[in-house]
Amino acid sequence: MQGGTRQGRDFIARHGETVFNAARRLQGEALHTPLTRAGFAQADEMGAALRRLLGPRPALTLWSSSAGRALQTLAVIAEHLELDWHGCHADPRLVEIGMGGWGGRGYAEVIAEVGPVIDAESGLLRPAPDGERYPEIEARVRAWLAETNDDPGDRLVIMHGVSSCVLRGVMTGLPVWPSLGAPAARGLPQGSVVMIERGVERVVHLGGGHAPA
């Protein structure tokens, strides 16, 4: 499925900074990595930006990765928008790339062991030898898109650095990166929000985070 078939707009946000990000650890699919104060500030900024754009109580279907950091970010944004966080649909297909044996380890430690962990072609995180591959991420986000394509109107989707890039790549019809084996948009900092409408993306808010994933 390429972008352009949905009638509503999709606001896709990357969660705020977490304790793993601040400590320069590979986070991956870990479910319990809480936001830092900087992460909460980034969520506040996203909420304020969306409030300015959409006003109070906009008609939004709320979606989130099932990871706590995404749900925490959504809670702050929902408060800005005067929406009920409890109406959120949390879906494990929106979680971050599975990092296998690299998960939880420091970037510096893994780099010292295996060399660069950032793919030079795409700028995204390389898969771990025993981790999830990009075509697997593509398959799960495509399945989510196919199942939810008839969502009425606009929706807000809180995700992660890598998985949101793959979703955005699929929705905007980007070509496959040969090094990844899947389409993916360029990465954006933590606390960023894009809007995709009929397959066209624009940045709504550029966050202040720095971690690649």
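The values are calculated or read from the model by the stated rules, or taken from the named source; none is laboratory data. On a predicted model such as this, the values are computed, not experimentally measured, just so you know. Don't worry about glycine lacking a Cβ; one is built from the backbone with ideal geometry, like all the others, and counts go over all protein chains shown. Only protein heavy atoms, including side chains, enter the accessible area calculation; ligands, DNA and RNA are left aside. Shrake-Rupley method; radii C 1.70, N 1.55, O 1.52, S 1.80 Å.
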Index of the failed condition, Ala90 passing every other in (1) within 20 Å of the chain's Cα centre (by Cα); (2) assigned to a helix (DSSP H, G or I):
(2)
Tell me which residues, restricted to the stretch 102-115, are open to solvent by 40 Å² or more (accessible area, probe 1.4 Å) and more than 17 Å from Thr33 (Cβ to Cβ).
Ala108, Glu109, Ile111, Ala112, Glu113, Val114
Which residue out of Ile137, Ile118 is touching a residue at least 40 places away in the same chain (Cβ under 8 Å) and open to solvent by less than 10 Å² (accessible area, probe 1.4 Å)?
Ile137
Within the stretch 28-54, take every residue that is open to solvent by less than 10 Å² (accessible area, probe 1.4 Å) and under 23 Å from Glu132 (Cβ atoms) and give me the one that is modelled with the highest pLDDT.
Thr33
Complete set of residues in the stretch 64-87 that are surrounded by 19 or more Cβ atoms within 10 Å (Cβ to Cβ), in a helix (DSSP H, G or I) and out of contact with any Pro (no Cβ under 8 Å at 6 or more places or on another chain)
Ala70, Thr73, Leu74, Val76, Ile77, Ala78, His80
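Can you spot a residue in the stretch 88-99 that is open to solvent by 40 Å² or more (accessible area, probe 1.4 Å), modelled with pLDDT of 95 or more, on the phi < 0 side of the Ramachandran plot and out of contact with any Phe, Trp or Tyr (no Cβ under 6 Å at 6 or more places or on another chain)? Outline the logic, then answer.
First, pick out the residues of the stretch 88-99 that are open to solvent by 40 Å² or more (accessible area, probe 1.4 Å): 89-90, 92-93.
Now narrow it down to the ones that are modelled with pLDDT of 95 or more: 89-90, 92-93.
Among the residues that remain, those that are also on the phi < 0 side of the Ramachandran plot are: 89-90, 92-93.
This time we only want the ones that are out of contact with any Phe, Trp or Tyr (no Cβ under 6 Å at 6 or more places or on another chain), so: 90, 92.
There is at least one residue in the stretch 88-99 that is open to solvent by 40 Å² or more (accessible area, probe 1.4 Å), modelled with pLDDT of 95 or more, on the phi < 0 side of the Ramachandran plot and out of contact with any Phe, Trp or Tyr (no Cβ under 6 Å at 6 or more places or on another chain).
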Given (1) of a type outside the set (Val, Ile, Thr); (2) in a loop (DSSP other than H, G, I, E, B); (3) touching a residue at least 40 places away in the same chain (Cβ under 8 Å), where does Pro56 come up short, assuming only one miss?
(3)
Matching residues, the stretch 8-27, being modelled with pLDDT under 95 and open to solvent by 40 Å² or more (accessible area, probe 1.4 Å):
Val19, Phe20, Ala22, Ala23, Arg24, Arg25
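Taking Ile97 as the residue in question, decide whether it is closer than 16 Å to Arg14 by Cβ and in contact with a strand residue (DSSP E or B) (Cβ under 7 Å, 6 or more places away or on another chain). Write out each step before concluding.
Values: closer than 16 Å to Arg14 by Cβ: yes; in contact with a strand residue (DSSP E or B) (Cβ under 7 Å, 6 or more places away or on another chain): yes.
Here the answer is yes, as Ile97 does meet what is asked.
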Looking at the stretch 14-29, is at least one residue under 23 Å from Gly173 (Cα atoms), touching a helix residue (DSSP H, G or I) at 6+ places or on another chain (Cβ under 6 Å) and touching a residue at least 24 places away in the same chain (Cβ under 8 Å)?
yes
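Which is touching a Leu at 6+ places or on another chain (Cβ under 9 Å) and either more than 17 Å from Gly39 (Cβ to Cβ) or loosely packed, with under 14 Cβ neighbours inside 10 Å (or both), of Gly153, Gly169, Gly161, Gly199?
On the way: Gly169 fails: touching a Leu at 6+ places or on another chain (Cβ under 9 Å); Gly161 fails: either more than 17 Å from Gly39 (Cβ to Cβ) or loosely packed, with under 14 Cβ neighbours inside 10 Å (or both); Gly199 fails: touching a Leu at 6+ places or on another chain (Cβ under 9 Å).
Of the residues listed, the single one that is touching a Leu at 6+ places or on another chain (Cβ under 9 Å) and either more than 17 Å from Gly39 (Cβ to Cβ) or loosely packed, with under 14 Cβ neighbours inside 10 Å (or both) is Gly153.
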In the stretch 169-184, how many residues are without any contact (Cβ under 8 Å) to a residue 24 or more places away in the chain and over 17 Å from Arg126 (Cβ atoms)?
2
Would you mention how many residues in the stretch 185-196 are closer than 13 Å to His160 by Cα and in contact with a strand residue (DSSP E or B) (Cβ under 8 Å, 6 or more places away or on another chain)?
8
Sole miss for Thr61 among (1) within 16 Å of Val193 (Cα to Cα); (2) within 14 Å of the chain's Cα centre (by Cα); (3) polar (S, T, N, Q); (4) open to solvent by 20 Å² or more (accessible area, probe 1.4 Å) is condition (2)
